[in-house]
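I have placed the structure first, in the form of structure tokens, so that the comments after it can refer back to it.
Every number here is computed from the coordinates shown, using simple stated rules; none is lab data. Owing to the predicted nature of the structure, the values given are computational and were not obtained by experimental measurement. Backbone-built Cβ (ideal geometry, glycine too); neighbour counts: all protein chains shown.
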Amino acid sequence: MPAGTLYAISDLHVAYEENRQIVRDMRPTSASDWLIVAGDVGERFEDVRWALGVLAERFERVIWCPGNHELWTPPDDPVQLRGVERYDALVELCRELGVSSPEDEYAVWTGADGPVVLAPLFVLYDYSFLVPGVRTKAESLARAYEVGVVCTDEMLLHPDPFPSREAWCADRLERTERRLAELPSDREVVLINHFPLVRAPTRILRYPEFAQWCGTTRTADWHVRFGARTVIYGHLHIPRVTWHDGVRFEEVSVGYPREWRRRPGAAGRLRRVLGTRAPSTPARVGAQR
């Protein structure tokens with residue numbers, strides 16, 4: 001049995017030199033360590049290639065799912081692919097580097113605490129995390145524009161050839177749900193998604209209007225339905241652990257330098273998920289830190 005550890009991290013945002021240095025300094029603790037990268041590596045295609053390439057050389061296996069930033073088409077990026085074409089190109093890039101993506105066969109962790117299926121997901125969001133006090137998605141989006149809290153996705157994340165990000169999300173949900181339903185019912189899973197699968201973690205956002213770019217209500221029961229041991233996510237830039245229906249949810253983001261400089265400890269610390277010195281079961285459901 002391998003003696004390694006499964007680690008996780010997200011939101012590396014390597015366009016910032018300080019974050020780029022975090023990646024340069026990142027090292028496994030053993031030759032058999034695996035690493036989950038839960039999206040938002042960077043915006044420019046070559047930045048994603050650089051970061052995933054560095055990590056793939058160091059860790060025995062790297063598992064990636066896209067964040068919203070990888071799916072942007074910045075005007076200064078020589079790679080001007082949009083929407084599905086950009087995602088497909090990122091998947092091919094991962095295959096060149098030996099990195100697993102949501103389009104590949106799910107890896108199985110067979111080290112300590114295994115076997116556990118590692119399922120990277122790409123399901124986007126559909127604006128269903130409504131702003132409190134409104135009844136429709138249109139009202140919720142209008143409220144965000146009124147107060148000036150609007151995700152850059154509205155300008156740079158193109159859904160081509162789908163008519164909207166909501167439609168692209170619906171397609172991804174159907175594809176992903178079918179695939180997860182095919183897993184053996186007795187096999188535990190680590191669900192890996194850039195966005196939180198449940199709405200609860202977004203309740204502490206400083207700007208509640210931003211929640212509508214943070215997921216979809218259609219994944220609210222996936223951690224129960226598909227036998228999740230743990231759910232890994234990022235996007236919120238609020239690293240913490242919460243428990244939902246007895247399942248451990250880990251927000252593992254690094255975030256922007258202005259954010260991680262305020263936190264205690266070294267930036268870019270890898271979160272142990274399974275294996276050597278992995279987290280233990282909570283004392284009670286609902287506990288969080």
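List of remarks:
- Rough spin-label spacing in nm, given labels placed 7 Å along Cα→Cβ, for R203 and D160: 4.1
- Cα-centre dipole for the chain with unit charges at Cβ (Lys and Arg positive, Asp and Glu negative), debye to 20: 1320
- Using the average count of surrounding beta-carbon atoms within 10 Å as a protection proxy, the listed peptides 172-179, 58-65 rank, highest first, as 58-65, 172-179.
- Rounded FRET efficiency, nearest 0.05, which uses the C-beta distance separating V108 from R178 and R0 of 22 Å: 0.70
- Comparing L180, L197, L274 in a Gaussian network model of the chain (Cα springs below 10 Å), the most mobile by mean-square fluctuation is L180.
- Take the convex hull of the alpha carbons in region 5-275; its mean projected area over all directions comes to 13.8 nm².
- Mean Cβ count within 10 Å, highest first, over the residues of peptides 90-98, 258-266, 71-79: 90-98, 71-79, 258-266
- Descending principal axes extents, region 1-83, alpha-carbon based, whole Å: 46, 25, 17
- Under the span-like rule (Cα at least 15 Å along the axis, Kyte-Doolittle mean at least -0.5), DSSP H helices of the chain: 45-58, 83-97, 137-147
- From the alpha carbon centroid of region 11-43 to that of region 166-226 is 23 Å.
- Within a Gaussian network of the chain (alpha carbon springs, distance under 10 Å), most fluctuating of V48, V254, V150: V150
- Overall shape of region 171-267 was characterised from the C-alpha gyration tensor. The equivalent ellipsoid obtained from it has semi-axes of 26, 15, 11 Å, in decreasing order.
- Cβ-Cβ distance of E96 and V241, R₀ of 35 Å, FRET efficiency by 1/(1 + (r/R0)^6): the value works out to about 0.55.
- Backbone HN-Hα couplings from phi across region 26-43 [Karplus 6.51/-1.76/1.60, Hz, Gly and Pro as x]: 6, 9, x, 9, 8, 5, 10, 6, 10, 9, 8, 10, 8, x, 6, 5, x, 9
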